[in-house]
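The values are calculated or read from the model by the stated rules, or taken from the named source; none is laboratory data. If you're wondering where the values come from, they're calculated on a predicted model, not measured in any experiment. Here the Cβ positions follow ideal geometry from the backbone for every residue, glycine too, while neighbour counts run over all protein chains shown. Only protein heavy atoms, including side chains, enter the accessible area calculation; ligands, DNA and RNA are left aside. Shrake-Rupley method; radii C 1.70, N 1.55, O 1.52, S 1.80 Å.
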Amino acid sequence: MAGLIIEGVMPGSIAEELEIEPGDRLLSVNGNRLRDVIDYNYFTSEELLVLELEKADGELWELEVEREEGEPLGITFPAPEPARCGNNCVFCFVHQLPKGLRRPLYVKDEDYRLSFLYGNYVTLANIGRKDLERIKEQRLSPLYISVHATDPLLREQLLGKSGILPILDVMRELAEARITMHTQIVLCPGLNDGAAFAQTVEDMALMYPWVASLAVVPVGLTGHRKKLPALTPLTREFAESFIKEWGAKCEALAGRLGEPFLFLADEFYIKGRLPFPPLESYGDLPQLENGVGMIPLFLSEAEQVLEEAEHLGPGRVTVVTGESPYRYLAEFLDRLCEVTGTVITPVAVKNRLFGGAVTVTGLVCGRDIVEALQGVELGDLVLVPDVMIKEGEGMFLDDLTVEELESELGKPVLVVESNPFGIYHALLEAAGRENR
């Protein structure tokens, strides 16, 4: 029977008119059985549709639909259950998690469908021939692919799995089918750097424009790597040397290909204490969600906010952040204080849950915020970046909710967008000026 359980029906939609309800199961569209929401989107692209539906009581309906081009049916479905990852990557972050977190955090997914739908990175090490054919037939583009190394033996070492399809063969097949790919390398000093890294970069560049971008992110190591392979953390010396060599090569590669292609994660510049390249060198920011270009974008938006900010009068606000972006946030808030007249205190939260080597804002947990704010004069309001909160659930990685944080601190807590505009709009709201 299979099919898809319907999660929601939009009011006033075609689906509501047809008396389709949440809990019904959509079995097929124009005779095509549905495996997931991708099939639904693919097979409902036509204007004339025949839907096979199983009602919650088991009754089977056949519905004919004629609609305007592009008019949605108004049906929503749960996200696909992710396929489990069969790799044993030497740098796998899930293997480095402490005990006691939410169960879903320990699930390793490796699903090309989630790569297409949500931009999740996948290695394609577990992909089969049917999956490849489906990607090409249904035009599942773009995909986000973790390459790490193109040398087959080195890649197997990094992924902890043997007998996998050579990644270059898979990607060339996808490129021939005109599937766009955004790629990444998790750089592990002493493993996939040096000549192996240079070869991987060149192999990716040769598949441009179908390989549209390549991000390099440093390996992330927590304080919970018990009985795991020894890895070298990113040091200031390595970051500085790497940027001096590859920063120039990024520019040369952009000149050769006609647009920016190779991007170094912000963490390299933060760790190496070197200035960032100009924002325009990041192109249209294709790797922003991968931690590439976030600080340059923040600095650019900070200047825009400072130009439009107005005096708001007395007030005191606390802003929490991870340790990595603290310097840039503090400099912006110092200038924003002068313009608005509001005292804004930034607080860098040390990550005790994952260990001091983890400094990004998105992995800060609620209990660490509570500890970091002990003895701090919080003022009227505490601002928390939205990247610390699981979307739609209102809680931190350690399950502390925003409401519980408010109770612990004895102060209102406001979740804001993780950019200068989010902070400034929160100040306006606190001053009663948001709708002026």
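Given R₀ = 35 Å, FRET efficiency for residue 154-residue 429 by Cβ-Cβ distance, to 0.05? For residue 154 and residue 429, the calculated efficiency is 0.10. Placing +1 on the Cβ of every Lys and Arg and -1 on the Cβ of every Asp and Glu, with nothing else charged, gives the chain a dipole about its Cα centre of roughly 2480 debye. Its relative contact order, with pairs defined as Cα atoms under 8 Å and 6+ residues apart, puts segment 108-239 at 22 percent.
Heavy-atom accessible surface of segment 261-391, averaged per residue, reaches 43 Å², computed with a 1.4 Å probe.
The distance separating the Cα centre of segment 34-97 from that of segment 193-238 comes to 34 Å. Between the listed residues 154, 300, 209, the Cα displaced farthest toward the positive end of the dipole of the chain, a dipole computed from Cβ unit charges relative to the Cα centre, is found at 154. Translational diffusion of the chain was estimated from the Stokes-Einstein equation, with Rh taken as the Kirkwood radius over Cα pairs; at 20 °C and 1.002 mPa s the coefficient is 88 µm²/s.
In a shell of Cβ-Cβ distance under 10 Å around residue 5, excluding residue 5 itself, what net charge do Lys and Arg (+1) and Asp and Glu (-1) give?
Values: positive: 25; negative: 7, 24, 54.
Here the charged neighbours net out to -2.
Placing unit charges on each Cβ (+1 for Lys and Arg, -1 for Asp and Glu) gives the chain a dipole about its Cα centre, and among 351, 396, 418 the Cα reaching farthest toward its positive end belongs to 351.
Were the residues from residue 41 through residue 421 laid out at 0.36 nm apart, the gain over their Cα-Cα distance would be 133.3 nm.
So if we plug the beta-carbon distance of residue 280 and residue 206 into 1/(1 + (r/R0)^6) with R0 = 30 Å, what FRET efficiency do we get, rounded to 0.05? Mind dumping the intermediate values first?
Working: r = 25 Å, r/R0 = 0.83.
Given R0 = 30 Å and the Cβ-Cβ separation, E is 0.75.
Expressed as a whole percent, the accessible surface of the chain that belongs to carbon and sulfur atoms is 50, based on a 1.4 Å probe.
Comparing 65, 37, 320 in a Gaussian network model of the chain where C-alpha atoms under 10 Å apart are linked, the largest mean-square fluctuation is found at 65.
Using just the alpha carbons, could you tell me how many Å³ per residue the convex hull of segment 318-436 encloses?
Numbers: hull volume 11.9 nm³, N = 119.
With only Cα atoms used, segment 318-436 gives 100 Å³ per residue.
Note on the chain: with a GNM built from Cα contacts shorter than 10 Å, the maximum mean-square fluctuation among 187, 312, 285 falls on 312. For segment 1-113, the Cβ-based charge dipole about the Cα centre amounts to some 1360 debye (Lys, Arg positive; Asp, Glu negative; other atoms uncharged).
Comparing mean-square fluctuations of 235, 183, 150 from a GNM of the chain with C-alpha springs under 10 Å, the top value falls on 235.
Using C-alpha pairs under 8 Å with a sequence gap of at least 6, the mean separation divided by the residue count of segment 290-436 gives a relative contact order of 24 percent. Placing unit charges on the Cβ atoms of the charged side chains and taking the dipole of segment 15-76 about its Cα centre, the candidate lying farthest along the positive direction among 29, 74, 18 is 29.
When the convex hull of the Cα atoms of segment 15-114 is projected onto a plane and the area is averaged over all directions, what value comes out in nm²?
Values: hull surface 36.2 nm².
Average projection, Cα convex hull of segment 15-114: 9.0 nm².
Extent along the principal axes, Cα only, for segment 381-426: 27, 23, 13 Å, with the longest axis given first. Based on Cα atoms of segment 220-351, Rg over Rh with Rh as the Kirkwood radius reads 1.05. Here the contact order of the chain, divided by its residue count and restricted to Cα pairs under 8 Å and six or more residues apart, works out to 9 percent. Using a simple spin-label model with pseudo-atoms 7 Å out from Cα toward Cβ, residue 63 and residue 7 lie 1.8 nm apart.
Solvent exposure of segment 1-149 amounts to 53 Å² per residue of accessible area, where only protein heavy atoms count and the probe is 1.4 Å. Give me the distance in nm between label points sitting 7 Å out from Cα along the Cα-to-Cβ direction at residue 311 and residue 408, one decimal. A separation of 3.9 nm, rounded to one decimal place. Sorting the Cα pairs of segment 161-304 by distance into bins of 5 Å, from 0 upward, gives 2, 9, 17, 21, 20, 15, 10, 5, 1, 0, 0 percent per bin. Centre-to-centre, using Cα atoms only, segment 323-382 and segment 114-159 are separated by 37 Å.
For segment 53-182, a simple Cβ point-charge model (Lys and Arg +1, Asp and Glu -1, everything else neutral) yields a dipole of about 1020 debye relative to the Cα centre.
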